[in-house]
1. Let me know the whole percent of all Cα-Cα pairs from the stretch 337-565 that are separated by more than 23 Å.
2. Using helices alone, I'd like the mean residue ellipticity at 222 nm for the chain: each DSSP H run of four-plus residues gives -39500 (n - 2.57), total over residue count, nearest 500.
3. Based on the alpha-carbon set only, what is the convex hull volume of the stretch 200-320 divided per residue, in Å³?
4. Name the residues of the stretch 518-547 whose amide N is less than 14 Å from a point 7 angstrom out from the Cα of Tyr73 along the C-beta direction?
5. Which of the trypsin sites (Lys or Arg not before Pro) found in the stretch 80-131 are in a DSSP loop and have at most 12 neighbouring Cβ atoms, other than their own, within 10 Å?
6. Each label point is 7 Å from the Cα along the Cα-to-Cβ direction; what then is the distance between the points at Ile147 and Ala481, in nm?
7. In debye, nearest 20, what is the charge dipole magnitude of the stretch 45-224 about its Cα centre with +1 on Lys and Arg Cβ and -1 on Asp and Glu Cβ, if you could check?
8. By counting other Cβ atoms within 10 Å of each Cβ, how are His572, His219 ranked from fewest to most?
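What follows is calculated from the coordinates using simple rules that are stated; it is not laboratory data. Owing to the predicted nature of the structure, the values given are computational and were not obtained by experimental measurement. Here Cβ is always computed from backbone atoms with ideal geometry, including for glycine, and neighbour counts include all displayed protein chains.
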Amino acid sequence: MSNRREWLLSAAALGLPIAPALALEGDERVLRYALPTAETGFDPQKISDVYSITITAHIFESLYDFDHLARPYKVKPLLADGLPDEAENFTRFTVHLKRGVYFQDDPAFGGQRREMTADDVVYTFKRLYDPATQSNSVAQFEELGVIGLQALRDEALKDGKPFDYARPVDGLRALDRYTLQFRLREPRPRFVFGLTHPGNWGVMAREVVQRYGDKIIEHPVGTGPFVLKAWRRSSRIVLARNPGYRERFYDAEPNADDAEGQAWLARFKGRRLPMLDRVEVSIIEEAQPRWLAFLNAEQDLLEKLPNDFVGQAIPGGQLAPHLAKRGIQKYRVPAADVTVTVYNMDHPMVGGLAPERVALRRAINLALDIPREIRLARRGEAIPAQGPLQPGVSGYDAALRSEAGQCDPARAKALLDLYGYVDRNGDGWRERPDGSPLVLEVLTQSDQTSRQSDEVFKKSLDAVGIRLQLKVGQWSENLKATRAGKFMLWRVGSSAGSPDGQDGLEWAYSPSINKNNLARFSLPAFDAVYERLQGLPDGPERNAQFREATKLLLAYAPYRFHVHRIVTDLAHPWVVGYRKPMCWLNWWAYVDVVPRQERHALTPSPSGRGWG
């Protein structure tokens, strides 16, 4: 090892700053960017936050994936060898696996190369159901209706015995070393979407789980293009190219009229993946340091331009001249997401289905000044949400106008008065119908956008006579408290995990309470609509059910739907081939970074979009 490399490693170990010019070897292809929130770990079946899933989505692989360039979306095989064979009215699916796919090298394999087989896929999905795993994704997978897995889980919960991995189940079988068969309780026309989540359902090897036990969250071993090389918790994550990754080559199917996509395909088609040597991810929670790190070229990519710097970076939606002169590239798109206020439906003040509680939630929703939130906290980079569905997913109706898009303090006051939420002692604040204090507590974070949203939230409620208290904590702490039901209100965002809008409705499906149903909402009428959606093919009848689900959520108000964010990513000219993902997170393998020693030759591209 050279003295220079020894110094770099020693400095990194001590947490000393390293100048960007010295941090990279000149001939390496390294992508550096930052996440705004700390990861929780790297066991794909336990994690639920997007930041950790971003990492695991590149270490693990699922049976299917989405085309990197196709828009709106196109499913393609990843570990599977072709799309599933469907039979019996979408209740039986047979999946053939690619041969010669190997897990990343690990001591758990005793020095031998370990091929992935159908038994590993069966083990992975069974592990979701093992109570000892404590997976946050089991409810989501259970919606696919695979026969027998929930019964196996129920037996383990009832008897308190170890989960029986050896017991066969009718719905998930390895027919041979490279063939899987799924059998479902009911028709699932979009079943393949449920097999496209590498960050949560990436295939694992039983030997690795057994070797590391409770430490498995620190030792991710998958079949993916990158391996975890270094991890300083809540600070820095380094992944390197998987040296044993199979031969896989760049290919995509952009639309014929997609000039940029066609250009990337022409440039990279046939290139072996991944193209990067290493990815360095920093955790920078405050917006200003993250912005400055990008401007100083300490970061190659800035995901989600912080709202505070919209005016500096993209005035009027256009890239600022001083950034354009540096060849910086702009990627500005409506996000397939929705931000919400979650009400705890089990809380004695704001929860429940009694008319006065429903009226309270709807009054709060009407009082919230979403246009002001968009102007101040979002810097104009958002559109009002009219319901639960995210732009770009099935069921989303851009023409919908609903109560969720309104701000009507007068109507909010009238509703509160009607149901007995009045000021009885003349202090300017309303009390509950029984005369007890009406004080709301919302979980929040300390970042600038949260602080500005808090200000709008408080002023909105002040205007109708409702007191609000803020409880500031870390995002991960707030998520933990919400999942445990130990909260009153929380504001959070939800990004689409697939092109199917039904995924977003799981937030109100009662079997997902204690998991993705953060509001703990239970309404049989909604559950019935949700279950009808599962079996219907895409089309007018299914769209009518989406409208019915939206009406129920607006009527009972377990959530307040705020905005769909408009997100802008910025990249330096040496980042090549980037395209903002839609509802997936595994994109590192499809981008290139020009090595440092070659960047002097960069010139503007003929299209004017990026550099070449």
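1. Working: 11956 of 26106 pairs.
Across the stretch 337-565, Cα pairs with separations above 23 Å total 46 percent.
2. Details: 20 runs with 178 residues, N = 612.
Rounded to the nearest 500, the figure is -8000 deg cm²/dmol.
3. On the way: hull volume 21.3 nm³, N = 121.
Measuring per residue, one finds 176 Å³ for the Cα hull of the stretch 200-320.
4. 538
5. Numbers: sites: Arg92, Lys98, Arg99, Arg113, Arg114, Lys126, Arg127; in loops: Lys98, Arg99, Arg113, Arg114.
Answer in residue order: Arg99, Arg113.
6. 4.6
7. On the way: 24 positive and 26 negative charges, 26 e Å.
Rounded to the nearest 20 debye, it is 120 debye.
8. Values: His572 24, His219 17.
In order of increasing Cβ crowding within 10 Å: His219, His572.
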